[in-house]
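Q: Sharing a structure below in structure tokens format, with a few things to ask.
The values are calculated or read from the model by the stated rules, or taken from the named source; none is laboratory data. Model, not experiment: these values are computed from the prediction. Cβ: placed from backbone, ideal geometry, glycine included. Neighbour counts: every protein chain shown.
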């Protein structure tokens with residue numbers, strides 16, 4: 001059984017898929033390069049981290065919260081991996097950063113539920129902490145990863161690349177968490193009405209805390225992917241990811257109030273946001289227009305939802 005009325009939430013994703021398809025058709029018509037496998041792989045690489053981070057953000061927003069720390073958690077991951085993997089081993093550092101992601105999420109969740117700190121303020125605080133640690137570790141971009149890991153992610157079988165498989169794995173995990181698991185039902189209930197959820201026997205605090213834990217772990221996962229793609233660490237690597245992830249979630253049909261939305265729309269929204277610079281470049285337009293387009297998409301998405309709820 002699909003939790004959270006998946007079919008209903010899939011319908012909310014239709015507009016984002018429609019816009020994405022229209023833009024792809026336009027790009028195919030106006031640019032021969034867009035049709036090449038080289039550009040296809042480039043798009044996958046550009047979309048990968050944002051899709052993964054936006055999936056985690058979806059869980060938090062569905063639960064009625066927001067997570068501004070995801071971008072800096074990603075950047076901190078790149079700095080730690082690229083700086084210390086040679087000394088302690090890449091596998092060991094992978095485990096360490098994933099545990100660190102869980103810790104960041106736990107701090108966010110406890111701050112929101114137990115201390116009563118507003119989600120925006122709490123996650124902004126951890127955002128600053130992650131940024132500070134990142135800059136201490138790597139004041140400038142640098143470091144490295146094992147060449148074997150980098151080469152592994154260069155492997156592709158036709159349209160199926162290792163980077164795409166990494167994204168698919170994240171989508172499958174989050175789909176299971178949200179739509180095929182009791183935890184997902186609890187998240188929808190908490191996001192819809194915390195009082196009613198608590199009266200029905202749901203441990204709201206634990207549910208909300210876990211949404212932040214999973215969000216940070218997915219941010220770290222995105223950071224691992226980014227480190228491999230860049231083959232270095234950079235404290236500024238995640239500067240735009242938090243707002244881009246939130247935009248992707250909203251454009252994909254998830255309500256900022258919580259309780260309504262899902263994975264299907266987030267994937268389309270994230271791909272759409274990540275591909276905007278690619279579209280602009282291929283059409284010969286100024287890449288800086290991407291900020292204008294993101295703003296317009298966000299206003300339209302929010303405006304349509306508010307209108308429907310009235």
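Q: Give 66, 61 a once-over and let me know the one that is within 22 Å of the chain's Cα centre (by Cα), at pLDDT 90 or above, surrounded by 13 or more Cβ atoms within 10 Å (Cβ to Cβ) and not in a helix (DSSP H, G or I).
A: 66
Q: Out of 170, 166, 190, which single residue is at pLDDT 90 or above and either touching a strand residue (DSSP E or B) at 6+ places or on another chain (Cβ under 9 Å) or over 16 Å from residue 59 (Cα atoms) (or both)?
A: The conditions single out 166.
Q: Quick check: is even one residue across the stretch 77-100 out of contact with any strand residue (DSSP E or B) (no Cβ under 9 Å at 6 or more places or on another chain), closer than 26 Å to residue 268 by Cβ and buried (at least 18 other Cβ atoms within 10 Å of the Cβ)?
A: No; the residues of the stretch 77-100 include none that is out of contact with any strand residue (DSSP E or B) (no Cβ under 9 Å at 6 or more places or on another chain), closer than 26 Å to residue 268 by Cβ and buried (at least 18 other Cβ atoms within 10 Å of the Cβ).
Q: Could you pull out the residue among 244, 257, 234 that is touching a residue at least 40 places away in the same chain (Cβ under 8 Å), crowded, with 18+ Cβ neighbours inside 10 Å and over 12 Å from residue 53 (Cβ atoms)?
A: Every option except 234 fails the conditions.
Q: Still on this structure, I have one more. Kindly check whether there is at least one residue in the stretch 116-131 that is without any contact (Cβ under 8 Å) to a residue 24 or more places away in the chain, more than 22 Å from the chain's Cα centre (by Cα), within 24 Å of residue 246 (Cβ to Cβ) and not in a helix (DSSP H, G or I).
A: Within the stretch 116-131, one or more residues are without any contact (Cβ under 8 Å) to a residue 24 or more places away in the chain, more than 22 Å from the chain's Cα centre (by Cα), within 24 Å of residue 246 (Cβ to Cβ) and not in a helix (DSSP H, G or I).
Q: Of all residues in the stretch 150-200, which are loosely packed, with under 14 Cβ neighbours inside 10 Å, in a helix (DSSP H, G or I) and more than 19 Å from the chain's Cα centre (by Cα)?
A: Across the stretch 150-200, the qualifying residues are 151, 152, 182, 195, 196, 199.
Q: Residue check: is residue 45 in contact with a helix residue (DSSP H, G or I) (Cβ under 7 Å, 6 or more places away or on another chain), assigned to a helix (DSSP H, G or I), more than 21 Å from residue 141 (Cα to Cα) and at pLDDT below 95?
A: So residue 45 does not fit the description; no.
Q: Being in contact (Cβ under 8 Å) with a residue 40 or more places away in the chain and on the phi > 0 side of the Ramachandran plot narrows it down to one of 201, 192, 143, 184, so name that one.
A: 143
Q: Filter the stretch 95-115 for residues that are in a loop (DSSP other than H, G, I, E, B) and touching a residue at least 24 places away in the same chain (Cβ under 8 Å) and give the result.
A: 114 - this is the single residue of the stretch 95-115 that is in a loop (DSSP other than H, G, I, E, B) and touching a residue at least 24 places away in the same chain (Cβ under 8 Å).
Q: Report, by residue number, each residue of the stretch 273-287 that is loosely packed, with under 14 Cβ neighbours inside 10 Å and closer than 21 Å to residue 48 by Cα.
A: Of everything in the stretch 273-287, just one residue is loosely packed, with under 14 Cβ neighbours inside 10 Å and closer than 21 Å to residue 48 by Cα, namely 287.
Q: Further, regarding this structure: What's the number of the condition residue 229 fails, among (1) part of a helix (DSSP H, G or I); (2) buried (at least 20 other Cβ atoms within 10 Å of the Cβ)?
A: If we test residue 229 against (1) part of a helix (DSSP H, G or I); (2) buried (at least 20 other Cβ atoms within 10 Å of the Cβ), just (2) comes out false.
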